[in-house]
2 protein chains.
Amino acid sequence: MERPDTPSEQRESVHIRTLADLAKLAGVSTGTVSRALAGSDLVKTKTRDFIQALAREHGFRPNQMASKLRTQRTGIIGVVIPLGHELKQHISDPFFMKLIGHLADELTENGYDLLLSRAIPAETPDWLDRICWSGMVDGVIVIGQSDQFDAIEQVAKAYPKLVIWGSHRPGQHQCTVGTDNIEGGAIAAQRLVDSGARKLAFFGYRTGIEIADRFSGVQRVVKQAGASLLHLPCHMSDQLMEAELREHLAANVDSIDGIVTASDLIAMTTVRLVTEMGRSVPGDVQVIGFDDLPLASQTFPPLTTMRQDIEGGAKAMVAKLREAIEGCGIEPLVMKPQLIERGTTKALS
Amino acid sequence: MERPDTPSEQRESVHIRTLADLAKLAGVSTGTVSRALAGSDLVKTKTRDFIQALAREHGFRPNQMASKLRTQRTGIIGVVIPLGHELKQHISDPFFMKLIGHLADELTENGYDLLLSRAIPAETPDWLDRICWSGMVDGVIVIGQSDQFDAIEQVAKAYPKLVIWGSHRPGQHQCTVGTDNIEGGAIAAQRLVDSGARKLAFFGYRTGIEIADRFSGVQRVVKQAGASLLHLPCHMSDQLMEAELREHLAANVDSIDGIVTASDLIAMTTVRLVTEMGRSVPGDVQVIGFDDLPLASQTFPPLTTMRQDIEGGAKAMVAKLREAIEGCGIEPLVMKPQLIERGTTKALS
DNA sequence: GGCCAATTTGCAATCGATTGAATATTTTGT
DNA sequence: ACAAAATATTCAATCGATTGCAAATTGGCC
């Protein structure tokens, strides 16, 4: 602006890349520059303003790597998704994505950045240690236990700044935040039984303990009610799920009148396939999903589903992690699931 | 296992935290340890195995911060979402989440970690510089241009390792990967016109240039066809969207027979609201979404929508960024959108 | 003007791993 | 058995910012 004939690149005669460069330019020591940029009042107001102006003019910003190394505080939280029993695509699962979105919001608001990684425990057994002890992060959040409960348990014994989204087991060391999955499964099954279902089915792989818990909740209620229960495994990723469900349903649709699924995505696809096969939902088959993602209310008919408080969970995880970072011991949180009644279940008599 | 009476914590008599600790324990210098762990063949096989075994036994892993500082290679890609004109919740927008998911997959496969941050340009004008020059990342991916095209342009002139998801403008410096949004808007509008719509509307804020492009594509076709066009701004986040749409539709539903929306989420909500208001889709009002997210095929009726190749885009972004990191100049990629015909448009006569 | 205290600034060690150059050890050849 | 060559290892500088402590400057006061 001032001197339109001078390209801005050239005005920065020498590129200022380090504190030392800037110190030389300003004619002071690096210590002073460092303090000036940090806004310390150990440095004279005039000097500080001068240095800050110089820094701004040259677009200088201190190397974070060096800074973090020296201060031993990274301001980064590792967020890991273990893909134990599912395929890669899993990471784009809407549930995870929603949780990550809320975590990102919450962490950013607390001044943290988020180092996202995907772990494949089958290939790298030390997936969690690797992140916890990398020196890169102030704390770690694990999204989903998958089949890694014991592995996480081992790490949690030594590394305190760790919060896990998942199921709670009595006596565990890991600090979990999550829904009472057994209860969730039970409530769903009970609702189906209450509206007349006798031939129940559960859709989803039980390899991860969260899903296994949901299944066992269903199982408990089914046993009490003297109903029957079919377990049909299916993947979480939309690519694989549809073909599996199609096959399962083709073989079993007539021996099922109530379905609890491991996720809303499975429920949604199930509803569509059942309808395509000429059965009515909820007339012939009732379906209850899990999660209550936004999409659950948008399908036709809208899904009855077990709601998990994802946003609340994300907030709680970040809050607990912050406590842990400050050195406090932290306690798990088990949230109650809530049945959201929509259009894929019959009215109660 | 060997000595069940000794707790594993105790067996690690001293906790090995640094190379120096391990070096002392092994009776060699840190240099040798560093090389041994790196698997260098400058160190004798026997020594190397010994040191590696020792490291494994004590669960030692080198501090990444220090390593990255020294090597000047971080193995981290910054992924930023500028929330220019939208609210915080934006980050959990399913489109972004899907893109992030694919980016995470692709980056992880290429040995990179992903540092996710959310930027609020209105509060921090130097949001992008801050990340690019932080010394934390080897390269940066920006998801969505929002209203920051010019700001990004400035940064791109000086920082080459930058790839942007968004619209392409002739003569730009930034390397964009994205869909031809003008064309996308045009195709959608043309499809509506072809099946008889004359009173068109576009739903979405035009503050971001991508959405603005889609709008201008629609506008072009509408003008050619001599039809009318109503622009109804609405947010992307589900919280705000519904109320806005409800209001807009209440006022205008009868002067609209074809709608192009800025996203599938908007389209989905629109279809539901229009139906609730006693109009039929696509009978009275046809709707075309944008993105073709998985949810688009699951609604009732399933959405006709303009497909963006998100997975392909993510792959391309990572590939280009890798080239840039290796010092190559890189070229933008404009992908063709594709019309996916489903149930929210009338058959062509 | 001179002395003590308060304020600024500089110096140098530090965070922890990496790596080129120098030194030490082993191997090879005769 | 000895020199030369090949292999292993150590030493010390380096990445770039931070910070305790020491040194220098400034200010206040008699």
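Other protein chain C-beta atoms within 10 Å of residue C-beta, averaged over B:132-140: 4.
Over the whole of A:339-346, what's the average partner chain Cβ count within 10 Å per residue? Rounded to a whole number, please. Numbers along the way, then the final one.
Values: counts 0, 0, 0, 0, 0, 0, 0, 0.
Counting Cβ atoms of other protein chains within 10 Å of each residue's Cβ and averaging gives 0.
When the helices of chain A are scored as -39500 (n - 2.57) per DSSP H run of n ≥ 4 and the total is divided over every residue, the value at 222 nm lands at -13000 deg cm²/dmol. If you take the Cα centroid of the range A:202-271 and the Cα centroid of the range B:273-332, the two points sit 30 Å apart. Ligands, DNA and RNA left out, the 1.4 Å accessible surface of the range A:152-211 is 49% carbon and sulfur atoms.
Would you mind getting the accessible area per residue of the range A:105-207, heavy atoms of the protein chains only, 1.4 Å probe, in Å²?
Using a 1.4 Å probe on heavy atoms only, each residue of the range A:105-207 averages 34 Å².
Translational diffusion of the range A:200-349, estimated by Stokes-Einstein from the Kirkwood radius over alpha carbon pairs at 25 °C in a medium of 0.890 mPa s, is 149 µm² per second.
Using a 1.4 Å probe on the protein chains only, how many percent of the accessible area of the range A:282-349 belongs to carbon and sulfur?
50
How large is log10 of I(q)/I(0) for the protein assembly as shown at q = 0.05, 0.07, 0.09, 0.11 Å⁻¹ when the intensity is taken from the Debye formula with one equal scatterer per alpha-carbon? Taking Cα atoms of the protein assembly as shown as identical point scatterers yields -0.28, -0.55, -0.89, -1.23.
In this structure the amide hydrogen of B:Gly135, modeled in the peptide plane, comes within under 5 Å of the amide hydrogens of A:Gln64, none closer than 5 places in sequence on its chain. For the peptides B:54-63, B:181-190, the ranking by mean Cβ contacts within 10 Å, running from highest to lowest, is B:181-190, B:54-63.
Along the range B:174-189 the Karplus relation, 6.51 cos²θ - 1.76 cosθ + 1.60 evaluated at θ = phi - 60°, assigns HN-Hα couplings of 5, 8, 9, 10, x, 8, 6, 6, 4, 4, x, x, 5, 4, 4, 4 Hz to successive residues, with x for each Gly and Pro. Scaling against 2.2 N^0.38 Å puts the C-alpha radius of gyration of the range A:98-233 at 1.26.
How crowded by other chains is B:55-68, given as the mean number of beta carbons from other chains within 10 Å of each beta carbon? Working shown, then result.
Details: counts 0, 1, 0, 0, 5, 1, 8, 3, 6, 10, 14, 5, 5, 7.
That average works out to 5.
Between B:Gly27, B:Gly217, B:Gly196, the Gaussian network model of chain B with springs among Cα atoms under 10 angstrom shows the greatest mean-square fluctuation at B:Gly27.
Give, as a single signed number, the net charge of other residues whose beta carbon lies under 13 Å from the beta carbon of A:Arg272, with Lys and Arg counted +1 and Asp and Glu -1. Don't jump to the answer; show the numbers that get you there.
Details: positive: A:Arg246, A:Arg279, B:Arg342; negative: A:Asp238, A:Glu242, A:Asp264, A:Glu276.
Net local charge, A:Arg272 excluded: -1.
Taking 31 Å as the cut-off for C-alpha to C-alpha distance, list the pairs among A:Lys68/B:Lys46; A:Lys98/B:Lys199; A:Lys24/B:Lys161; A:Lys68/B:Lys161; A:Lys199/A:Lys320 that go past it.
Details: A:Lys68/B:Lys46 35 Å; A:Lys98/B:Lys199 36 Å; A:Lys24/B:Lys161 28 Å; A:Lys68/B:Lys161 23 Å; A:Lys199/A:Lys320 42 Å.
Pairs exceeding the cut-off: A:Lys68/B:Lys46; A:Lys98/B:Lys199; A:Lys199/A:Lys320.
By the scheme Lys and Arg +1, Asp and Glu -1, what is the net charge of all other residues having a beta-carbon under 15 Å from that of B:Val137? Net charge in that neighbourhood comes out at +3.
For the chain pair A and B, the interface hides roughly 4100 square angstrom of accessible area in total, found with a 1.4 Å probe. Can you bin the range B:251-332 into rounded, prolate or oblate? Criterion: square roots of the alpha carbon gyration tensor eigenvalues sorted a ≥ b ≥ c, rounded for a/c under 1.5, prolate for a/b above b/c, oblate for the rest. Prolate, since a/c reaches 1.5 and a/b exceeds b/c. When each of the peptides A:16-25, B:202-211, A:279-288 is scored by the mean number of other C-beta atoms lying within 10 Å of its residues, the order from highest to lowest reads B:202-211, A:279-288, A:16-25.
Pull out a ≥ b ≥ c, the square roots of the eigenvalues of the alpha-carbon gyration tensor of chain A, then state rounded if a/c is under 1.5, prolate if not and a/b is larger than b/c, and oblate in the remaining case. Here chain A falls in the prolate category. Near the amide H of B:Gln286, within less than 5 Å, lie the amide hydrogens of B:Gly258, B:Ile259, all on another chain or at least 5 residues away, with H placed in the peptide plane.
Binning the C-alpha pair distances of the range B:212-265 at 5 Å intervals from 0 yields a P(r) profile of 4, 16, 27, 24, 19, 7, 2, 0 %, listed from the shortest bin outward.
The values are calculated or read from the model by the stated rules, or taken from the named source; none is laboratory data. Just so we're clear, the structure is a prediction, and the values are computed from it rather than from any experiment. Don't worry about glycine lacking a Cβ; one is built from the backbone with ideal geometry, like all the others, and counts go over all protein chains shown. Just the protein is used for accessible areas: all its heavy atoms, side chains included, with ligands, DNA and RNA removed. Shrake-Rupley method; radii C 1.70, N 1.55, O 1.52, S 1.80 Å.
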